[in-house]
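None of the figures in this text is laboratory data; all of them are computed from the coordinates on show. Nothing here was measured: the structure is a model prediction, and the numbers come from that model. Don't worry about glycine lacking a Cβ; one is built from the backbone with ideal geometry, like all the others, and counts go over all protein chains shown.
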Amino acid sequence: MNDTAVSSGNSPHTNIFTILRKEILRGKFEASRKFPSEHQLMRRFRVSRSTVRLALEKLKQDGILETRNGSGTYLTPLAKRVTGLLGLIVPHIAGGEIATPVCSEISKVASEAGYTLLFGNASSEIDDVRAQRFMTLAWDYVSHGVAGVFIEPIERVPNMSSVTMRVISFLEDHHIPVILLDRDIVPPPERSRYDLVTLDNVQIGYRLATHLIQRGAKSICLFGMENSAPTVTLRFQGAREAILDAGFAWRRSNIHYGDPDDISAVQKLFTGRGRPDAFLCANDITAVSLMNTLRRLGKNVPGDILITGVDDVQVAATSTPPLTTVHQPCKEIARAAVAAMLQRLRDPSLPPRQILLDAELIVRASTERRKIKGQTLQKSEIS
């Protein structure tokens with residue numbers, strides 16, 4: 001339709017809202033002049049006054065239009081400074097089975113809301129280079145006048161929180177809001193003063209440990225890499241709760257941080273008290289590497305050892321044996337992140353929010369062991 005309100009199954013007022021919002025963000029309307037009147041918009045879109053009013057009301061709710069008594073409708077200060085651009089900074093995109101779909105979906109959902117997403121990839125094998133790229137991307141986004149930035153904090157880098165914090169502080173100095181993706185920049189149980197969209201990692205850890213116990217595990221080792229993200233700490237916290245709730249003792253040896261490819265270090269885990277009969281790994285990559293090391297040590301998975309991961313990347317389904325894991329809901333993460341950004345742009349005074357998303361347990365052969373009869377737990381397992 002040539003500027004009429006019919007398209008793609010949406011209601012007429014929603015289509016008008018979308019068209020006008022994109023035009024506002026692209027600078028079509030001068031800030032100092034009155035916005036087109038209801039009558040002008042009725043003629044342009046060939047709709048009723050009530051339909052136009054519904055569209056204008058949505059623009060007002062978004063904080064980019066305001067009505068001045070006796071004068072008419074004008075762009076707000078927010079609309080005057082918004083460019084229609086959003087930025088995204090992640091430690092790595094290329095080859096990332098989680099980052100890539102999340103970023104793609106953020107771009108799609110942002111576009112539907114009238115924004116263009118600028119991607120930024122800080123990938124590098126050298127920690128200092130990765131940190132510098134984070135800051136360079138922030139400079140680029142400020143120069144482009146982005147309205148807000150999504151950031152996945154850098155991890156497995158010494159002083160990783162301070163690297164991300166310098167970038168966020170720089171953006172704050174330019175009044176650019178930030179939405180954190182996946183993890184916070186402070187260790188649990190603390191919370192930063194920034195919006196965060198993440199999984200309910202405590203519940204994920206609890207669910208995985210419960211699953212292992214119900215499959216017969218009595219001595220679970222929580223295995224992560226050095227300098228792991230706060231999400232791993234939360235998963236291990238949930239797993240510890242499940243182990244204690246099931247009536248098992250908790251020992252310092254229940255947690256191990258190290259290289260899953262280090263055969264000597266892994267072998268030492270099977271000496272002394274508390275020898276593990278199951279591993280709950282921080283993620284799938286760690287779990288698959290650990291399975292390979294266990295195989296070199298003559299350990300059979302799942303015959304001798306049960307093992308789980310987190311993420312549900314492709315290798316989890318193709319490993320030998322296929323890995324029990326938790327599926328990352330990439331589309332849901334992206335949609336929640338864009339919704340949080342739009343809310344923050346409308347109302348910068350909102351208190352910091354933590355948006356926790358559920359995730360599905362995917363049971364595969366790496367935990368195939370008969371469940372112990374009569375064993376009960378304090379919380380229910382989802383499997």
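When each of Leu294, Leu356 is scored by the number of other beta-carbon atoms lying within 10 Å, the sequence from fewest to most is Leu356, Leu294.
Shape summary of region 12-80, radius of gyration then Dmax from alpha carbon positions: 11.0, 29 Å.
Backbone amide hydrogens, once placed in the peptide plane, bring Gly216 within less than 5 Å of Ile372, excluding anything fewer than 5 places away on its chain.
What do you get for the angle between helix 160-173 and the principal long axis of the chain? Use alpha-carbon atoms, 0 to 90 degrees, nearest ten. Compared with the principal axis, the helix lies near 10 degrees. Among bridges DSSP assigns within the chain, what percent are antiparallel (round to 5)? Around 20 percent of the beta bridges assigned by DSSP in the chain are antiparallel ones. Relative to one another, the C-alpha centroids of region 11-25 and region 29-59 are positioned 10 Å apart. Relative to the longest principal axis of the Cα atoms of the chain, helix 127-144 runs at roughly 10 degrees.
Per-residue 3J(HN,Hα) values for region 335-349, derived from phi via the Karplus relation 6.51 cos²θ - 1.76 cosθ + 1.60 with θ = phi - 60°, read 5, 5, 5, 5, 4, 5, 5, 4, 5, 5, 5, 5, 9, x, 7 Hz in sequence order (x marks Gly and Pro).
Sequence-ordered 3J(HN,Hα) estimates for region 24-37 from the Karplus curve with 6.51, -1.76 and 1.60 and θ = phi - 60° stand at 5, 5, 8, x, 5, 9, 6, 5, 7, 9, 5, 6, x, 6 Hz, glycine and proline given as x. Proximity of backbone amide H atoms, modeled 1.01 Å from N, is registered between Leu85 and Thr116, Ala147 at under 5 Å, excluding neighbours fewer than 5 places apart on the same chain.
Taking Cα atoms, how many degrees apart are the long axis of helix 49-61 and the longest axis of the chain, rounded to 10 and kept between 0 and 90? Here the helix axis deviates by roughly 50 degrees. When only Cα pairs below 8 angstrom with a gap of at least 6 residues are kept, region 207-306 shows a relative contact order of 37 percent.
For Ile179, the residues 5 or more places off, or on other chains, whose built amide H falls under 5 Å of its own are Val149, Phe150, Ile151. Each 10 Å bin from zero up to the one holding the largest Cα-Cα distance in the chain carries the following percent of pairs: 5, 21, 26, 20, 14, 9, 5, 1, 0. Given +1 at the Cβ of Lys and Arg, -1 at the Cβ of Asp and Glu and no other charges, the dipole of region 12-80 around its Cα centre is 200 debye to the nearest 20. Holding the Cα-Cα limit at 29 Å, pick out from Lys28/Lys58; Lys299/Lys331; Lys22/Lys331; Lys34/Lys331; Lys34/Lys108; Lys268/Lys331 the pairs that are longer than that. Cα-Cα > 29 Å for Lys299/Lys331; Lys34/Lys331; Lys34/Lys108; Lys268/Lys331; rest within.
Phi angles across region 101-106 convert, under the Karplus curve 6.51 cos²θ - 1.76 cosθ + 1.60 with θ = phi - 60°, into 3J(HN,Hα) values of x, 5, 5, 4, 6, 4 Hz, Gly and Pro given as x. For region 142-210, applying the loop criterion from DSSP together with a ceiling of 11 other beta carbons within 10 Å to the GluC sites (Glu not before Pro) yields Glu190.
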